[in-house]
Every structure is written in C-alpha cells, then in structure tokens.
Amino acid sequence: MLLGIDVGGTHTDAVAVKVDQDGARVIASCKVPTRHHDLMWSIDTALDAILEQVDRNQVSQLNLSTTLSTNAIVEGKIEDVGVLVSAGPGIDPHNFMPCRDFHVIDGSVDHRGNEIRALSREQLDQALASCRKNGVRVFAVVGKFSTRNPRHENAMRRAACACDDDARCEAADFVTSGHQLGGALNFPRRIATAYFNCAVWRLFNEFADAGEASLREKGLGDVTVNILKADGGTMPLSQSRTLPVQSIFSGPAASVMGIVALTDIFHDSVILDIGGTTTDIAVFADGAPLIERDGIHIGSHPTSVNALKVRSIGLGGDSAVSIIGDEVAVGPNRLGPPVSLGGERLTLTDCLNFQGACEVGDTAASKQAVERFAEAHTMPADALADRAVEYAARKIHDETRALVDEINSKPVYTIHELLEGKRVVPRKLYLMGGPAQALRDPVFHQFKLSTEVPPNYGVANAVGAALTRTTWELELFADTQRHVLFIPSLSYRENVPSGYDLDAAREDAVNQLVMQLDSLGVRLNAEDAKITHASSFNMIDGYERAGRNIRVKCQVRPGVSATLAKEA
Amino acid sequence: MLKAETSLGIIFFPAFDWAISPTHPEREERLLYTQDQLREEGIFDIEGIGEYKPDVASVEDVERVHFCFPDVDAVATRSHMISAGGAMKAAELVMSGERRRAFAMTRPPGHHAMKVVHGSRGFCNINIEAVMIESIREKYGHKRIAIVDTDCHHGDGTQDIYWHDPDTLFISLHQDGRTLYPGTGFPQDMGGPTALGRTLNIPLPPNTSDEGFLMAVERVVLPILKDFKPDLVINSAGQDNHFTDPITNMNFSAQGYAAMNEMLAPDIAVLEGGYSIQGALPYVNLGICLAMAGLDYSHVREPNYEPERIRQDQRTTDYINKLCDVLPELYFNPPPFQGGDRDGQGVISGDVFTRRKNIYYDTDGISENQQETLHLCDQCRGVYKVETSSSSNPLSLGVEIPWNACPHCRELGHRLVEEAQLKGGGYRYIQLINRKDREYLRYGF
C-alpha cells in the first residue's frame, strides 16, 4: 500500500492507494487544513486520519510533497551561508552574489577541465576566517567548469571542513559542492542552487528528523519515505537530506503526476489544473511532461533545480467578474469566495451556477448576484454569465497558445533532448480542479480539441504524490585526450583508455545510474534508464585526431508506478 | 541580476553533424567550446539576452543573391541553408524589433562565396550575409547597409557580390593579402564604376595587435560609417585575427574584439571564420556577446593572454598610421574610374562595362573563368550579366535585373535571357535573377 501526502497552500491532502495487477485503487483519502507554522501537525493529522481507515502493516511507502523549503525561502527563515567561488575569466562573479559571506578566490579551470591557474590558498584561508568570524557553519563551494573538473571545489570543501574526507567535522556542519548538484553547465545557477541548498539544509533536516521520529511512533519506522521534487519525480528521504533544494516547488508536480496517474496520455497534450484562484497550464509532448530547460527561478535567482514547465495564470473559480469598457472580464484577482459560498463579489463560479453548469453552494444566491450585476450594467443576465464564462475559456485558450508558441519558438527542450526540434502540437486537453467539469464545454469550444475530465480529479494531487516514481539523472563527460571520465553528480572519476568511445560511455552512464539508485534502495530496470543526449566530438591537434570529447546524459524520466484502475 | 543595456538575440547553430572533413579546421568541434563557455557563464539567463533557433533559408533566398551552377542543391547542403537561415533569423529579430541587436553564431561561414558559385572556396559555399541582407531588402524595402568584415581573411566573396552596389558599403579589415589566403583585398579595389568608394579594403600587416585594429576602426571605419549613414550595420565577425589562430598570423585578443565591437555597435553580427576553437573562440564570442549587450566585458580573458608578449612593434604601428592617413580619402574622394583589363578592374566601352576574372575554388579544387558585363544606365542600377565556365560546369549564363530597373533595362534583361535561349551561344545553364519582379528562373536542367 502506498501513501501520498500533498501539503498545499490551504489544505493538506492524503491518500492511501492499493496497487494490484489491474492498477491502482484509492482506498482512503482525507483533507486537513495546512498550518503553515507547524507543517508536522498537518502531516501527522492527515496521516492519523488515513491510518484509521487502513491496515498500517500494509503500508510500504510514503511519498511526501511539502512546501517547507519553499516557505522557508519565501519567508526568509534561512541560515547564513558562506559561499566560496573559483571563477576565473568571464563575467564578473560578483554579479551573482547571493549573500553577505561571498568570496571569490583566484584560480581557474577551463571548458575542458584543465586547471589554468591554481586556487589561491592564501585567499581561501582569509575567506574562511572571515566566514568563521561571522559564525557561518554551512558552506557552498562552487567552481566555474567544476562539472568538468571539481579540483577547486574539492580543495575548497576540504579547507572549509579542515579535513580530508566527507565525514562530519568540527569546522563546518554541511558543505554543498556545486558539481554534485548536476552535470549541466551554468555557473551562476550552480552558485544560487548551492547557496539555497545550504540555506535550507538545517531546517529541512530538523523536519526530516521529526518526521522519522513520528513515523517510528506510529509503527511505520520501516516504511520507505520519498520526497517529491519539482521535476515530477521523487527522491529517497536520505538523499533529500543532502539535496533539500530539490524539494522546492513540488506542488504543481504532484498535480501533473496526478493527471498522469488518472489518465493515459500518449499525445501532445495540455493539462489545465483549474483551481480557485489560478489555473496551472502544463504541456506534454508525446505523453511526457515538458520541463524548464535550465531549471526554475527561486526569488530572482535562476537555479539548476529541474522543474516541470507550468504556467500559472490568475484565473479560477473564485476570480472576480468585472466590466472593462464593453468587455466582461474575469480575474486576474480573487476578491473573496463566490457569492454562493457567502462572498460579496460576483465570481466565475457564480456565473457557472447561473448557467446550470455546476451547483456550488447556494445557487439561488448566485442567480440573484448575476441578475443584480447585469442590471447595474444594463445588460441581460444570461448574456453577462455567458460572456464571463466565454471570457474565461478564451483567456485560458490564449494563454495556452502563447505557452505552446513559446515552447516551439525557443530552444526549450523537452524532458529528453531527443525531442529537440520537434514542434508541440496539442491534440488533447485534460482538465482537473474544482471548476473543471463546469468549464469543460466552454473550453472545448475555444480549443476544438478532445477534452477530458478524468474521474477522481478531486484527489489528484495526493494520488500523484503517492504514485510518483523516483527520478534521477546524471551526465557523463569523457575526454580521451586527458584519459578521464567524470560523472559530476556522483563525484565519480575514472581513467579511460584512448579507445574509449560513445557506446562504452552510454553503457557506463546507464550502469552508474542503476548502481546509484540501487545504493539508495531503489530498484530500477535498466530499460527505464534512458539516454537523452549522446555526442562525441573529435578533438584535433594540428591535423591529427588527439582524442574524443564525449558527453552522455542519462535519466529516469518522471512517471507513475501505476495508473488508476478503470472502474468496473 | 544582470540586465543587458541593449537587448540581444543569439542564434546558435553549431552544425554538430557537418564538417568538410574530420580533421579540417572548419569541423564539428568548432563551436563546441563556445557553447560550453556561454552556457557556463549563464549568458542566456541575463535579462534582455535570448537564444533562438535558426530559420532555414529557402532555395529562393539563395537564388535572390547567387548564380549557383548547376543549381542551389548541388552547391549547398542542409547545413549551409540553416547557417544562412540563422543569419536571416538574426535579421528578423532586429527588423521586427523583438531585439535591438542579434548575433548569429552559425557555421559553415560564407564570406568567400561570390556572386557565381560553382563550389566551395575558403570553406564557404553560399554567402550567408548576402542572403540575409537581400532577404531584409526583399521584405523591408531597399535599406542602405554597411558591412564591416573583421575576419582575418579578405571578404572577397562579399566584395564581389556588392561590387556594383552603391547602397551597400563594404569595408574589410584583414591580414595583408600578400601574406594570406585569398591574396586579395588591396586599397585600389574600390568597387565598380557605378559604386566607387563603396568598397574599402584595409590590409593590415601580420602581427597587428589590439592597438592597430582599434586605430583602424577609429580613424578609418567610424568616420566613413558616420558619413554613409547606413540603416543597418552588419559585422562579418570572423575571429581568426586571434593571436592563437592556427591558420593566420595576427595578434588580436578577446579584449580587443570586444572593444572593437563596442565601437562598431553593429545591429547584426554574423560569425565567419575563427579556428582557434579552444583558446580563442569561447572567449572572443563571450566578449562580443557582452559588448553587443552593453555589458561589462573587462573580466573576459584568454588563459594565455599576455598583452606585452603579443604587442605589435613600432614599425607596424607606423605603417598602420600611414594607412589611416590615406585610406579614408578612397571613400570620401575616390579617384575617377580608370579601368584596365590587366589589373582586373575591367574596362568601359560605350555604355558597357566588362571585366574578366579567373577564380580558384581552393576547397573544392575548381577553376572558373568568367566575364561579367554591366549595362550602364542613367535611370537605374543597370543589367548585370555574367558568362561563366569552370572545371565542373560548362559555359553558363547569369542575368540580373536590378531592384530599381527602368523599363528599358527590365526589357533588356529579359531579352538577354531570351536570346541566349533562342540563338544558343552554347550556354548549358541559364539563370535569371529579376529583383524588380521577384522572379528567379533557371533554364537548362
């Protein structure tokens, strides 16, 4: 039995899902309010409610999506970090300074991973002394091109810890090395990501400790616990302790994976999660969700944290209806709940109630509100309701088109770069969220595309959380002239012979991925590890081939472990 | 966060699946490290800088510019069409106002490709700048355009294409042709009789460093640009003047390139040559991108950059000084057209200008003989005609009716093609470029 908990902005949803050969079945679910100052309480309460309905001995896994790291950053409840960088030539690294204790150390590594200039030991010592004076206990060490050669990051890490291994030390509580965050090239993003990873590390680990203690108390000490990531996958709790930044913005991912679990998506599709205040738009290419190519922004900082590509627009059931000039408009503001639920301002939901498309709360109140509003603006009531609903559907349509155009015009690659260059042409729409059913026809009218509202869409988030699989990716870089193979995220380095080639690199990448997941207790079939990028360049010295420059990217793509069984 | 002072679009097409041969300097690896450097610097995260996919040039886009024998498909691969399409995309970004400036980092390059194409010269098959410029003019009207070619090699192809065009200013800074391929580009080459002074060559001696380049730009190029008042400035941004380039002998640096770009302030830059793919291109391209975006580039430095070691000597400085004294005169007060068949300037007889040329395609090993004729006209640009034969194609004919053709010249152009078809004359292929009516016709296939 799998448990899924999604800690959302207003509610914490939980489900228990049973999986057999027919698929998954939701056997228990609940909703409790989210207490932002005490997330553990919300999780505990939701968990207790579920455990009352099921046999706790059957629980094998708990997947958790939490806003903890996001909130900590948004509210500024983060720890001071010492950020040490080795930048070399290029854009002045002070442009990317995330915090006070930021130190640029002389030294440089080039694009092939050659050390051009050694790290200045003297500056490093001075920088550390300054951090220690400020009481800094966590450090982010980041080098330019460290994903080609982490030599400078390793030197900075050892200096920060004042020791030679990764074991706990007196000099620092935690160090994030840039190259371990992934193999992609982007020095400023690596700085920001390493910084945030350190900044939320202590808070996240205290939360993880409390969570583990609570599970032990409930007799669930042996249950596998995974944390949701923004890319639509999970990571084991043990892993999340050193990569807490990956847990950020995982909310929309739970929704999207929920739709994946509730339906079978094969085509280029659009997912519309229509909530009270906003509508989240996600796009699928060939049945796989698109991700932000480089990673999401945290505050104003671009990071290398992978995330599904989701656009949020200010339009939902609670959006206020207004008249601008001759046009009936909806949103982008929410000015309280619908009139049918005791609000004062006319909302989209009230208009849908008026049309008879849904029955939310006191439909008579909605009817009166629409009539009052229409009279005040001297137009027929049914015209007002129709035009408001039409406006909402058109807005969703236009924003979706704009997103798809943006995806097609910019080199925003899909989850696998295999699809690079492909145009996304949506063939199907999936709607979820409160007003989904009511807006189905108007939305269809705009898009003229097959539109589906799956059953069970009310519990989609938590179902998505429960069924989301572990994802992992790694990048392998080999330079046969320098006889070196390097996998940054694993800090794995190996010597390779001159004859090492792309096929061998592909094989090594898959093997390393499988082994890595195995060490985290995740069983993976080798065929689930997909090579998403593979290239090999001849490097020429004079007119002779001097070696090969090989790059391979391998990943387990986001997905669900089961889809919902078809109702008999 | 960083924000570009001038918005910039970057089109990146490294053609990772195309090379002349595996060990040729113009090969797949060429833009690999540039891409690595730009990504690692996070340049696409800077507000105001965006990355775009290239367009693909159509056959018509190429036929608007070139006479390709036997046809476009025979001389240009898909990579060439995308490279030209990358330049066109850069132009579109600027012309549509989406970006203030654009830099097309595409390969293969194009500035050695001449009006007539039988194959590849100096790694170039079709002239991507010219294809871009003529697509701009087709869509946005006949703009005045200045091309500043900063490739180390003389931009002989671009010079040839615009030899008779008074609305296109072509300035080439390059290593002196007496010491480097293609061996041309001397001050006496100033353009045809109807466009005298619209071509300007600035041959610089080997080992010229930042000082010499920047002096030539400041004292020769900038005053001429100011006077010409172009609608658009285009930089043919070859980067093989770098002190580490393996096939040239100059001493330019990334700092110098960036500073030059800041001075030129081109609307559009199009990558040309540059074969120091590890030691120069990543840094030079980064410097140019930052300069184009109006950002600080003072921290961009090659690993082995020692300004003192590559500084030009006093003799070089004196020589360039003298060039700077005399060259602007060729634009401001060009001497009257003298002509002469022996020095390749051509002769005028009646109202017909004629010039004979022998062209060698070093990359493909093709020899071409051609005779070009321009019918001089008071009303318009005049009909251009070229008869060409080469070791790969028998005698063929190209005729171009200019965009502003008068009724007489328009008719003349059609008549030339008609006569060539009816009376023979032994032309295997005939091509007509009719810019007036936008028709591009081929006969004999």
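The values are calculated or read from the model by the stated rules, or taken from the named source; none is laboratory data. Values in this document were obtained by computation on a predicted structure and should not be read as measured data. Positions of Cβ are backbone-derived with ideal geometry, glycine not excepted, and every protein chain shown enters the neighbour counts. All accessible areas refer to the heavy atoms of the entire protein, side chains included, with ligands and DNA or RNA removed. Shrake-Rupley method; radii C 1.70, N 1.55, O 1.52, S 1.80 Å.
Projecting the Cα atoms of A:Leu467, A:Thr263, B:Met292 onto the charge dipole of the protein assembly as shown, computed from C-beta unit charges around the Cα centre, puts B:Met292 farthest toward the positive end. Summary value for chain B: 14 percent relative contact order, contacts being C-alpha pairs under 8 angstrom separated by 6+ residues. Kirkwood radius and radius of gyration were both taken over the C-alpha atoms of the range B:318-406, and their ratio Rg/Rh is 1.08.
Taken along its principal axes, the alpha carbon cloud of the range B:93-235 reaches lengths of 40, 37, 34 Å, longest axis first. Taken one residue at a time, the phi angles of the range A:171-184 give Karplus couplings (6.51, -1.76, 1.60, θ = phi - 60°) of 7, 8, 8, 7, 10, 9, 9, x, 5, 6, 7, x, x, 5 Hz. Gly and Pro are set to x.
Under 16 Å from a label point set 7 Å out along the Cα-to-Cβ vector of B:Asp341, the amide N atoms of the range B:375-402 belong to B:387.
Shown in residue order for the range A:106-119 are the 3J(HN,Hα) couplings computed by the Karplus curve 6.51 cos²θ - 1.76 cosθ + 1.60 at θ = phi - 60°: 4, x, 7, 10, 8, 4, 9, x, 7, 6, 8, 9, 5, 6 Hz (x for Gly and Pro).
For the protein assembly as shown, the solvent-accessible area of protein heavy atoms averages 38 Å² per residue (probe radius 1.4 Å; ligands and nucleic acids excluded). Modelled label positions at B:Lys322 and A:Asn538, each set 7 Å beyond Cα in the direction of Cβ, lie 4.5 nm from each other.
Summed over both chains, the area buried between B and A is near 3200 Å², taken from the accessible surface of protein heavy atoms with a 1.4 Å probe. Rounded to the nearest 20 debye, the dipole magnitude of the range A:45-94 is 100 debye, with +1 charges on Lys and Arg beta carbons, -1 on Asp and Glu beta carbons, and the Cα centre as origin. Relative to the dominant Cα principal axis of chain A, helix A:381-409 is inclined by about 20°.
Once both labels are positioned 7 Å from their Cα atoms along Cα-to-Cβ, the gap between A:Ala504 and A:Glu52 label points is 6.2 nm. For the range B:45-161, the fraction of C-alpha pairs more than 19 angstrom apart is 43%. Per-residue shielding of B:42-55, expressed as the average number of other chain Cβ atoms within 10 Å of the residue Cβ, stands at 4. Taking the Kirkwood radius as Rh and the Cα radius of gyration as Rg, the range B:41-93 has a ratio of Rg/Rh equal to 1.15. Once you have a ≥ b ≥ c as the square roots of the Cα gyration tensor eigenvalues for the range B:267-334, tell me rounded if a/c is under 1.5, and otherwise prolate or oblate according to whether a/b is larger than b/c. Judged from the Cα gyration tensor, the range B:267-334 comes out oblate (a/c at least 1.5, b/c at or above a/b). With all protein chains in place and a 1.4 Å probe, the accessible surface of the protein assembly as shown carries 47 percent carbon and sulfur. For B:Val352, the residues whose amide H sits under 5 Å from its own are B:Leu376, ignoring neighbours fewer than 5 places away on the same chain, with H placed 1.01 Å from N. Is the range A:285-398 best put as rounded, prolate or oblate by its Cα gyration tensor, with a ≥ b ≥ c the root eigenvalues, rounded for a/c under 1.5, and otherwise prolate when a/b is larger than b/c, oblate when not? Cα axes put the range A:285-398 in the prolate bin.
Per q in 0.14 1/Å, what log10 I(q)/I(0) does a Debye calculation on the alpha-carbon atoms of the range A:414-561 return? Relative scattering, expressed as log10 I(q)/I(0), comes to -0.82.
In this structure the amide hydrogen of A:Thr451, modeled in the peptide plane, comes within under 5 Å of the amide hydrogens of A:Leu429, none closer than 5 places in sequence on its chain. Shape descriptor for the range A:156-201: Rg over Rh equals 0.99 (Cα atoms; Rh from the Kirkwood inverse mean 1/r).
In the protein assembly as shown, inverting the average of 1/r over every pair of distinct C-alpha atoms gives 31.9 Å as the Kirkwood radius.
Phi-derived couplings, Karplus 6.51 cos²θ - 1.76 cosθ + 1.60 at θ = phi - 60°, listed residue by residue for the range A:253-263: 5, 4, 5, 4, 5, x, 4, 4, 6, 8, 9 Hz, with x used for Gly and Pro. Between B:Asn404 and A:Ala383, the FRET efficiency estimated from the beta carbon spacing at R0 = 60 angstrom works out to 0.60. For the range A:223-339, the equivalent ellipsoid derived from the Cα gyration tensor has semi-axes of 31, 17, 14 Å, listed largest first.
Working from Cα pairs under 8 Å separated by at least six residues, relative contact order for the range A:221-260 is 40 percent.
When the helices of chain B are scored as -39500 (n - 2.57) per DSSP H run of n ≥ 4 and the total is divided over every residue, the value at 222 nm lands at -9000 deg cm²/dmol. Remark on chain A: ratio of C-alpha radius of gyration to 2.2 N^0.38 Å is 1.05.
Determine the shape class of the range B:166-300: with a ≥ b ≥ c the square roots of the Cα gyration tensor eigenvalues, call it rounded for a/c under 1.5, and otherwise prolate if a/b is greater than b/c, oblate otherwise. Oblate shape, in that a/c is at least 1.5 and b/c is the bigger or equal ratio. Interface burial in the range B:287-311 reaches 40 Å² or more for B:His299, B:Pro303, comparing the full protein assembly with the chain by itself; accessible area from heavy atoms with a 1.4 Å probe. Shielding of peptide B:26-37 by partners, expressed as the average count of other chain Cβ atoms within 10 Å per residue Cβ, is 4. Per residue of A:182-188, other chain Cβ atoms within 10 Å of the residue Cβ number 4 on average.
Of B:Ser135, B:Ser276, B:Ser58, the residue with the greatest mean-square motion in the GNM of chain B, using alpha carbon springs below 10 Å, is B:Ser58. Name the residues of the range B:117-133 whose amide N is less than 12 Å from a point 7 angstrom out from the Cα of B:Ile247 along the C-beta direction? Within reach of a label on B:Ile247: B:121-125. The orientation-averaged projection of the convex hull spanning the C-alpha atoms of the range B:158-231 amounts to 5.2 square nanometres. Note on B:Asp296 and B:Lys226: with the Förster distance fixed at 22 Å, the Cβ-Cβ geometry gives a FRET efficiency of about 0.25. Here the relative contact order of the range A:313-394, from alpha carbon pairs under 8 Å that lie six or more residues apart, stands at 26 percent.
Based on the Kirkwood approach, the hydrodynamic radius assigned to the range A:134-271 is 17.1 Å, with every pair of different Cα atoms included.
Listed by chain and number, the lysines placed with their C-alpha closer than 28 angstrom to that of B:Lys436 are B:Lys89, B:Lys115, B:Lys139, B:Lys143, B:Lys229, B:Lys357, B:Lys385, B:Lys423; residues fewer than eight positions away on the same chain are left out. Here is how the number arises for chain A: DSSP H runs of 4 or more residues each give -39500 (n - 2.57), the sum is divided by the residue count, and the result at 222 nm is -10000 deg cm²/dmol. Report, in whole Å, the centroid distance computed from the Cα atoms of the range A:243-257 and the range A:452-483. Using only Cα atoms to place each centre, the spacing works out to 10 Å. Scanning residues 5 or more positions from A:Gly183 or on other chains, those with amide H under 5 Å from its amide H are A:Glu475, A:Ser489, with H placed 1.01 Å from N in the peptide plane. In this simple spin-label model, placing a label point 7 Å from the Cα along the Cα-to-Cβ direction at both A:Thr363 and B:Met263 gives a separation of 7.8 nm.
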